[in-house]
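First the structure, in the form of structure tokens, and then the observations on it.
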Amino acid sequence: FPGLADVSIPQDIPVEGEITVPVGSHSPDEDYSTLDEPVKDTIMRDLKAVGKKFVHVMYPRKSSALLRDWDLWGPLVLCVSLALMLQGGSADSKDDGGPQFAEVFVLIWFGAVVITLNSKLLGGTISFFQSLCVLGYCVMPLTVAMLVCRLVLLASTGTVSFIIRLIVVGAMFGWSTLASTAFLADSQPPNRKALVVYPIFLFYFVISWMILTFTPQ
Amino acid sequence: LTTCLVMYFLAEFDDAANLLAANPDATTISIEEPVEIPKNQHSRLQEPGREEDDELLGTDDSDKTELLAGQKKSAPFWTFDYYQTFFDVDTYQVLDRIKGSVFPVPGKNFVRLYIRSNPDLYGPFWICATLVFTIAVSGNLSNFFIHLGKPTYHYVPEFRKVSIAATTIYAYAWLVPLALWGFLMWRNSKVMNIVSYSFLEIVCVYGYSLFIYIPTAILWIIPQKVVRWVLMVFSLCLSGSVLVMTFWPAVRDDNRRIAVATVATILLLHALLAVGCLAYFFDAPELDFPAPIIPAHNGTTVITKSH
């Protein structure tokens, strides 16, 4: 390096200065460190985010909050509780009973992944985990329907209880499908909307069928 | 001499560079055409009087469509864009293909008329998924209604049958086209004039031909043997005719016996699927009804009382 040949640093000049870099832009999520806060704050923040998304599903409006801050805690809790509530059915022979825990789990997650891949392959602009998040959260009305069905089945198992269960499951199935379509339909190309909505309809129909045909032992 | 040789090679490189520069133009021009074809297809399908033009154009530009198909799917197979080319269909195209599989027009080839070098995987995959759940749900409902009055009957959801239905139907819809495609490739290497379909086009035909079984499975809930068999024969005729009209032009130039054997095997496997599903998922409806015995008993008691 010919230009630096005559630069010499005397050895007795101390090098000093500030090492910390001042934060220029104050983006909302990154200007404080979350390592030092108490664990209760971390958990409460995540719980509040999950709770806010549940409220979004209850009253589906086109809001970008559900899509932007995706998380999979809510879908996991819903899937596990639904799969647990579907146990204890008529399972005297393992072959012909209701779905096992693993079957429900795989059906919900694999179904959600396949629907997400389908919408992305058809040209949708939503990201993979955002779509999984929406599909998982929209299982919530069906989980509520499962709870109601189990309570109704505790009371009676006759035709009247079947009609009540049919109405409740049907209503919740419609709610789930409408809620997820409200969130997902905008990100699809306009002449392929039906192609994307139909698999969602099939997915929630299968889950509703599993809920409706649950018979206690 | 060496300078002359160097100049010669430089000129060669220039020519090659010009060719390479010209190729992007060629590919961009030809890539535009597949975009135009769906629009023309849309306008052609809306004019009912032009069907013979469609058929002629289908056979005339078959070479061109083969070339264009080769250039359309140029992304390497490990990228997402490669698979996106198999989902390049709009809603009306899927509905048209379904309509073409349910109402086969005699003499028209499903692949040439509807697929036209744009095979999609959306139809086969979701029609198979719908069929799996339709058969499982309808079978369960039908068994429930058949055994409804019996005191010893306890309803079970029979969820294990869903996985069996899924394995059977997806194996049929993907392995049989694979075998048929391999067989057609093998015959194509022996007899030069055979029209050959790509693997995806065969999967497409099989997938869309299974659509008729969805309403059939729903109607199989009716617990009458005669009704079920009539429905089965009807749907077998419709979907079988779509398959026959697609694959007969592909094998008719071959040895007569092999051609007939191929088409017969296609139909036999199709029939086996339908009969197997009916036998396994739907219990036979009972022929005897124990109910008439009870009113006769009441009738006799009433008669004795009145006496």
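If I ask for residues that are β-branched (Val, Ile, Thr) and either under 17 Å from B:Leu278 (Cα atoms) or away from chain A (no Cβ under 12 Å) (or both), which ones from segment B:143-160 would you list? Within segment B:143-160, B:Ile146, B:Thr152 qualify. Among what's in segment B:70-96 and is facing chain A (nearest Cβ under 10 Å) and in contact with a Phe, Trp or Tyr (Cβ under 9 Å, 6 or more places away or on another chain), pick the residue that is surrounded by the fewest Cβ atoms within 10 Å (Cβ to Cβ). Applying the filter and picking the extreme gives B:Tyr83. Scanning segment A:114-145 for residues that are within 14 Å of chain B (Cβ to nearest Cβ) and assigned to a helix (DSSP H, G or I) returns A:Val114, A:Ile115, A:Thr116, A:Leu117, A:Asn118, A:Ser119, A:Lys120, A:Leu121, A:Phe128.
From the list A:Ala171, A:Ala179, A:Ala185, pick out the single residue that is more than 11 Å from every other protein chain (Cβ to nearest Cβ), in contact (Cβ under 8 Å) with a residue 60 or more places away in the chain and part of a helix (DSSP H, G or I).
Working: A:Ala171 fails: in contact (Cβ under 8 Å) with a residue 60 or more places away in the chain; A:Ala185 fails: in contact (Cβ under 8 Å) with a residue 60 or more places away in the chain.
Within the list A:Ala171, A:Ala179, A:Ala185, the selection yields A:Ala179.
Just to be sure, is B:Leu141 in contact with a Cys (Cβ under 9 Å, 6 or more places away or on another chain), surrounded by fewer than 20 Cβ atoms within 10 Å (Cβ to Cβ) and at pLDDT 85 or above? Judged against the criteria, B:Leu141 is not a match. All conditions but one from (1) modelled with pLDDT of 90 or more; (2) farther than 18 Å from B:Phe145 by Cα apply to B:Leu278; the one that does not is (2).
Which ranges mark the helices (runs of 4 or more DSSP H) fully within segment A:1-93 that have 3 or more residues being at pLDDT below 75 and more than 30 Å from B:Glu158 (Cβ to Cβ)? Spell out how you get there, then give the answer.
On the way: elements: A:39-58, A:65-68, A:73-85.
Hits in segment A:1-93: A:65-68.
Every condition in (1) crowded, with 23+ Cβ neighbours inside 10 Å; (2) facing chain B (nearest Cβ under 9 Å) is met by A:Ile207 except one, and the failing one is (2).
Among the residues of segment B:105-126, those identified as more than 14 Å from chain A (Cβ to nearest Cβ) and either surrounded by fewer than 18 Cβ atoms within 10 Å (Cβ to Cβ) or of a type in the set (A, V, I, L, M, F, W, C) (or both) are B:Val105, B:Pro106, B:Gly107, B:Phe110, B:Val111, B:Leu113, B:Ile115. Within segment A:159-177, being aliphatic (A, V, I, L, M) and either at pLDDT 90 or above or farther than 22 Å from A:Ala145 by Cβ (or both) holds for A:Ile163, A:Ile164, A:Leu166, A:Ile167, A:Val168, A:Val169, A:Ala171, A:Met172.
For first residues located in segment B:163-186 and farther than 16 Å from B:Ser209 by Cα, partners that are surrounded by fewer than 18 Cβ atoms within 10 Å (Cβ to Cβ) and of a type in the set (D, E, K, R) and lie 6+ apart or on another chain with Cβ distances below 8 Å form the pairs B:Ser163/A:Glu103.
Evaluating A:Phe129 against the criteria (1) surrounded by fewer than 17 Cβ atoms within 10 Å (Cβ to Cβ); (2) within 19 Å of B:Val137 (Cβ to Cβ); (3) not acidic (Asp, Glu) leaves one unmet condition, (2). For segment A:189-199, the candidate set comprises residues that are in contact (Cβ under 8 Å) with a residue 12 or more places away in the chain and more than 19 Å from the chain's Cα centre (by Cα); within that set, the residue that is farthest from the other protein chains (Cβ to nearest Cβ) is A:Pro189. Of the residues making up segment B:78-112, just one is more than 22 Å from A:Pro190 (Cβ to Cβ) and touching an Asp or Glu at 6+ places or on another chain (Cβ under 6 Å), namely B:Val111. Is it true that some residue in segment A:149-165 is within 25 Å of the chain's Cα centre (by Cα) and either in contact (Cβ under 8 Å) with a residue 60 or more places away in the chain or not in a helix (DSSP H, G or I) (or both)? Yes - at least one qualifying residue is present in segment A:149-165. When the residues of segment A:182-210 are filtered to those that are of a type in the set (A, V, I, L, M) and modelled with pLDDT under 85, the one that is farthest from B:Tyr122 (Cα to Cα) is A:Ala182. Yes or no: segment A:178-185 includes at least one residue that is more than 19 Å from the chain's Cα centre (by Cα) and farther than 22 Å from A:Val106 by Cα. There is no residue in segment A:178-185 that is more than 19 Å from the chain's Cα centre (by Cα) and farther than 22 Å from A:Val106 by Cα.
For segment B:228-254, a tally of residues being free of Cβ contacts under 8 Å to residues at least 12 places away in the same chain and over 17 Å from B:Gly276 (Cα atoms) returns 1. Checking B:Val137, B:Val105, B:Val132 one by one, the residue that is part of a loop (DSSP other than H, G, I, E, B) and either out of contact with any His (no Cβ under 7 Å at 6 or more places or on another chain) or free of Cβ contacts under 8 Å to residues at least 40 places away in the same chain (or both) is B:Val105 and no other. Inspect all residues belonging to segment B:97-104 and state whether any of them is within 14 Å of chain A (Cβ to nearest Cβ), within 20 Å of B:Ile202 (Cα to Cα) and at pLDDT 85 or above. Within segment B:97-104, one or more residues are within 14 Å of chain A (Cβ to nearest Cβ), within 20 Å of B:Ile202 (Cα to Cα) and at pLDDT 85 or above.
The values are calculated or read from the model by the stated rules, or taken from the named source; none is laboratory data. Since the model is a prediction, treat every value here as computed from it, not as a measurement. We place every Cβ from the backbone using ideal geometry, glycine too, and count neighbours over all the protein chains shown.
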